[in-house]
Structures are given as C-alpha cells and as structure tokens.
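Accompanying notes for the structure given below.
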Amino acid sequence: MKNNYLLLIALIALLVPTTASAYSFKEGNLYYNITSDSTIEVTCIRATYPSPYSGDIVIPETVTYGDTTYTVTAVGEFAFYGSYGLTSIVIPKTVTVIGTSSFVRCRNLTSIDIPNSVTRIRSTSFAECTGLKSLWGLL
C-alpha cells in the first residue's frame, strides 16, 4: 500500500509541471496561452524554476498577436512560480481568475495590485511569498 501511495505522488509530481510548461506565444516580456478565440492567460515559459520573470511587471489588458487582439482574462497556473526577481505586479481589470500556485515562491514580491474584477483566487496562489505583508488589504 505504501508503494502505491509513493507511486501516485511521483506520478502527480511529474504531471503537474508538464501542464504548466506550454505557452502559445510570447509578447513583450510575458508568455501567454490562448484560451478562446478572443481571450488569453499569462503563463510561464517552462515548468522549472526560477522563472525568468523579474522586476516590476504590468500585465496589459489586451495583447495583439498576428491579426487577433486578445483580452487577458487570467493569470494561469504556475505562471510566475519561483520568480525570485519579481518585485511588483499590476494585474489589469480584465482578469477574473488567479490560478493555482501562480505566484508560489515569489519571495521578493512586495507589491501586487489586484483589481476588484478578480473573483477567484485559486489555492496556494501566494504560498511562500514572504515579501508580501498581507493580502487582506489587497482584495
């Protein structure tokens, strides 16, 4: 029974990063996944960390790629995971969801602007963000 439990944990550990490594395109210094004909989410370049994101980031409301202008509606799962150099982020009012573990281990993140449009913040979104004093005043 113990071996089955360990095998299950190992399988989950292998699958979780795989889902976070794909992206549809890069624009500026951010990576995006296309989620519908007109919407996208911010995502990560790869499943490993530290992530390449650093400094102060402002996520735009819209991004044009090819002939299509997409609306940014989510911060995807693991999007900024392990971005040790990330210090602040501004999320646009078009975003409604902050995905699971999207800011985990962003230890130097000290400022985040979360608009009222965000109606869902998934579990562990801000785990190990030791630079943030409190999220209560942000929402």
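Run the simple label-point estimate for GLU27 and ASN116 please: 7 Å along Cα→C-beta, distance reported in nm.
A separation of 2.7 nm, rounded to one decimal place.
Working out 0.36 nm times the residue gap between GLU128 and SER36, then minus their Cα-Cα distance, what length gain in nm do you get to one decimal? Write down the numbers at each step before the final one.
Numbers: separation 92, 0.36 × 92 = 33.12 nm, distance 3.14 nm.
Full-extension gain reported as 30.0 nm.
Through the Karplus equation 6.51 cos²θ - 1.76 cosθ + 1.60, θ set to phi - 60°, convert the phi angles of the range 94-102 into ³J(HN,Hα) values in whole Hz; use x for Gly and Pro.
7, 7, 10, 10, 10, x, 4, 6, 5
For the range 48-139, what is the convex hull volume of the alpha-carbon atoms per residue, in Å³? List each step's numbers first, then the result.
Values: hull volume 8.2 nm³, N = 92.
Spelled out: Cα convex hull of the range 48-139, divided by residues, is 90 Å³.
Values in this text are rule-based calculations from the coordinates and carry no lab data. Keep in mind the model is a prediction, meaning the values are calculated, not measured. Here Cβ is always computed from backbone atoms with ideal geometry, including for glycine, and neighbour counts include all displayed protein chains.
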